[in-house]
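Have a look at the structure below before the remarks.
The values are calculated or read from the model by the stated rules, or taken from the named source; none is laboratory data. The model shown is predicted, which means the values in this text are computed figures rather than measured ones. When we count neighbours, we look across all protein chains shown, and the Cβ atoms used for this are built from the backbone with ideal geometry, even at glycine. Keep in mind that these areas ignore ligands, DNA and RNA; they rest on the heavy atoms of the full protein, side chains included. Shrake-Rupley method; radii C 1.70, N 1.55, O 1.52, S 1.80 Å.
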Amino acid sequence: MLSLPKKISLVYFVIVTLLLIGLVPLLLTGWFLSERSGSELRSVENRYQIQLVQDKARQIEMFGQKYGDLVASLSTALELTNDVDLLSAPQTEQKLSESLQRDQNVLAIYLQPVGGEALSLYRPGSIGREELEAIASETLNSSGTDGLFMGPPRRSASSGDSLIAMVSHVSIDNRTIASVVAVLSLRDISANIVGASIQSEEQLWAAGHPIIFVVNQAGETVFHPDQALVDSQRSLSELKIVDEWQQSNRQIQSGLVPFSAEYGGNRYDMIGAYSTARLGPGLNLGVITMQDERKALASVGEMRSQTWMISLAFAFFAMLVGSIAARTLTAPLLKLSAAAEKIAGGDLSTRVETRNVTEIGTLGSSFNVMSDKLEEHIARLAKAATENRELFVGTVKALAAAIDGKDKYTRGHSERVARISVGIGKQMGLPADELETLRISALLHDVGKIAIDDNILKKPAALTDEEFEIMKTHPQKGFKIMSQIPAMKDFLPGMYMHHEMVNGKGYPQGLKDEEIPLQAKIVSVADTFDAMTIDRPYQKGMLLPDALERIKSLVGTRYDAAVVEALIRGCEAGEIGQGIVQFLNKNSENTGLVNSRVAPAALQAPLSIPPNAITSPRTADEDILVLG
């Protein structure tokens, strides 16, 4: 007895390989650490940015609150005097002047008595009288009559600084007697928000540092490190973060927005945040910060670079040593893999060499045994599937033939309808599996007639109303019979709905257009086409051109346009009509109707019979009713 060669355990090769894969943990550890660091740094940066914009927004709100209280206190003091004449008194002017001198952010105070002469106090050089009067007039016109009103930020024509105007009305005995307008400088609050240093927009983008700016509800620049943007009040709505704030500032106080932006032909991935500063009714300002994500997370990139440099050094050594071991280990496995792929592709005759002395050789032998068994099993399954399919189709054909055989005039009808249906389906580009389903459904479309009384089914004369109603039940009867068989599920639409019309006047359900499955639409056209072109005891079959014209005339009422077009294309291509359709042979001396195996377009001549002359009584073959 021959002794088998001793197998070398694969474990030795695995041990050697495991010594080399120490590189993988290093790579994974470095990568995960950098990812986690990046995630943590991104979270910290997000928290910093959201805290930053919230603090800046609160500063703006506190500014508005402070000076709103100042203006309100002036109007309250005037109200407490309860003396209208005091509005024009010298001591009133003195008090207002003291308020103006105490705070450098107050550029002007304007007192407008109702029906009286206005009092204007202002800082020369910061704002002029005409500008003050224009600002006061505009603000008063927009302010209404109740509460404190704050106008939108604007740029001073005199000093170029940003200004804002506040109005508070003076009322005595529920009657407004005057209005106090204060014009405030936004220079200091602007420096606190965006910084005192002035930089151009280009410098800000190139530096990659956080950019803090403020916009109004129109997206126009109010505060910005680049004074040129403030002077021009340029809209920044093209930035996604500004656009999002504009849409959500009434519902959301603060938010984080990662986004992409373009500047100077370069694309930047940005991280940003916004917060809403609410200065008064209808006056919201957006405090926004944004920074280039790459610059914000630069330390993570450096960590990754260092990790990759160390890993590459180890990788070079590992590749040098591992390539030799891997070649020895993987060569037979690659052969086995290639053989498996061939078998998966259908080549069951593939086998592998089994001369390897390791466990791979044993695996190869087992693989070959498996392939032998699999090949035998697949052959048996294929044979059984073919036999089952042939038995199924044969049974369906026999059942259809049995139904058609009840009447010599309808013999072969179901088979012809199936061929016509498949021809239409091919023209509509249906895949092979759907064409086969369509064929079986068409073969069985009249299966319900097996439950119809022969006296009605074979009646050569016109049916009574009662008999016709019974005949119309054959789709339900067919559905009831076949729906009990789970394997028939896909064939039911053609059986049950082939008498539905696209205008909803069909039966049994009265479905309309899109409610009718395509399978049923195709069988309906094929059923009627065969009924039109075959001789019946009560009517001669129509010629192909006339049949097609008649069917086309029913598009939109009974038939789907796409299905009818496919029928016409199939007839023109010669795929529909062979052995079924009559046509006029122009070359024959006999001018009667003849049958042919081919229906070329050149031989198809229309009959000189008006459509309304082609009529039929209500008969057991209800499909022909469309000719009436």
Check your understanding: Do we have any residue at all in region 210-232 that's surrounded by fewer than 15 Cβ atoms within 10 Å (Cβ to Cβ) and over 22 Å from ALA157 (Cα atoms)?
Key -> no
Exercise for review: Tell me which residues, restricted to region 225-270, are basic (Lys, Arg) and either at pLDDT 85 or above or within 24 Å of the chain's Cα centre (by Cα) (or both).
Suggested key: ARG234, LYS240, ARG267
Point to revise | Per-region count, region 162-199, residues open to solvent by less than 20 Å² (accessible area, probe 1.4 Å), in contact with an Asp or Glu (Cβ under 6 Å, 6 or more places away or on another chain) and closer than 18 Å to ILE60 by Cα | key: 1
Check your understanding: Say we look at region 429-448 and pick out the residues that are out of contact with any Asp or Glu (no Cβ under 9 Å at 6 or more places or on another chain) and surrounded by 19 or more Cβ atoms within 10 Å (Cβ to Cβ); which of these is farthest from PHE491 (Cα to Cα)?
Key -> LEU430
Review point. Any idea which of GLU262, GLU202, GLU244 is assigned to a helix (DSSP H, G or I) and exposed (fewer than 15 other Cβ atoms within 10 Å of the Cβ)?
Key: GLU202
Revision key, fill the gap. Scanning region 519-528 for residues that are free of Cβ contacts under 8 Å to residues at least 60 places away in the same chain and not polar (S, T, N, Q), the one farthest from MET471 (Cα to Cα) turns out to be LYS521
Practice item. Quick one: GLY506 ticks every box in (1) in contact (Cβ under 8 Å) with a residue 24 or more places away in the chain; (2) open to solvent by 50 Å² or more (accessible area, probe 1.4 Å) except a single one, so which number is it? Key: (2)
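Could you look through region 91-109, keep only residues that are of a type in the set (D, E, K, R) and part of a helix (DSSP H, G or I), and pick out the one that is most open to solvent (accessible area, probe 1.4 Å)? Write out each step before concluding.
First, the residues of region 91-109 that are of a type in the set (D, E, K, R): 93, 95, 98, 102-103.
From the residues that got through so far, the ones that are part of a helix (DSSP H, G or I) too are 93, 95, 98, 102.
Values: GLU93: 84, LYS95: 130, GLU98: 71, ARG102: 171 Å².
Top of the filtered list is ARG102.
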Check your understanding: Out of all the residues in region 520-537, is one or more under 15 Å from VAL417 (Cβ atoms) and either open to solvent by 30 Å² or more (accessible area, probe 1.4 Å) or part of a loop (DSSP other than H, G, I, E, B) (or both)?
Key -> yes
Check your understanding: Out of (1) of a type outside the set (D, E, K, R); (2) surrounded by fewer than 18 Cβ atoms within 10 Å (Cβ to Cβ); (3) without any contact (Cβ under 8 Å) to a residue 12 or more places away in the chain, what's the single condition that is false for GLN476?
Key -> (3)
Exercise for review: Answer yes or no: is there a residue in region 208-221 that is closer than 16 Å to LEU279 by Cα and part of a helix (DSSP H, G or I).
Suggested key: no
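Being over 30 Å from GLN253 (Cβ atoms), in a loop (DSSP other than H, G, I, E, B) and in contact (Cβ under 8 Å) with a residue 40 or more places away in the chain narrows it down to one residue among SER126, SER158; which is it?
Values: SER158 fails: in contact (Cβ under 8 Å) with a residue 40 or more places away in the chain.
When all the criteria are applied, what remains is SER126.
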Review point. Out of (1) farther than 18 Å from ASP446 by Cβ; (2) charged (D, E, K, R); (3) in a loop (DSSP other than H, G, I, E, B), the odd one out for GLU500 is which?
Key: (1)
Practice item. State all residues of region 110-121 that are out of contact with any Leu (no Cβ under 8 Å at 6 or more places or on another chain) and either open to solvent by less than 30 Å² (accessible area, probe 1.4 Å) or among the small types (Gly, Ala, Ser) (or both); if no residue qualifies, say none. Key: GLY115
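Hey, among the residues in region 122-159 that are of a type in the set (D, E, K, R) and within 19 Å of ILE177 (Cα to Cα), which one's most open to solvent (accessible area, probe 1.4 Å)?
The first filter runs over region 122-159 and keeps only residues of a type in the set (D, E, K, R), leaving 123, 129-131, 133, 138, 146, 154-155.
Still in the running and within 19 Å of ILE177 (Cα to Cα): 133, 138, 146.
Values: GLU133: 75, GLU138: 95, ASP146: 125 Å².
Per the criteria, the residue is ASP146.
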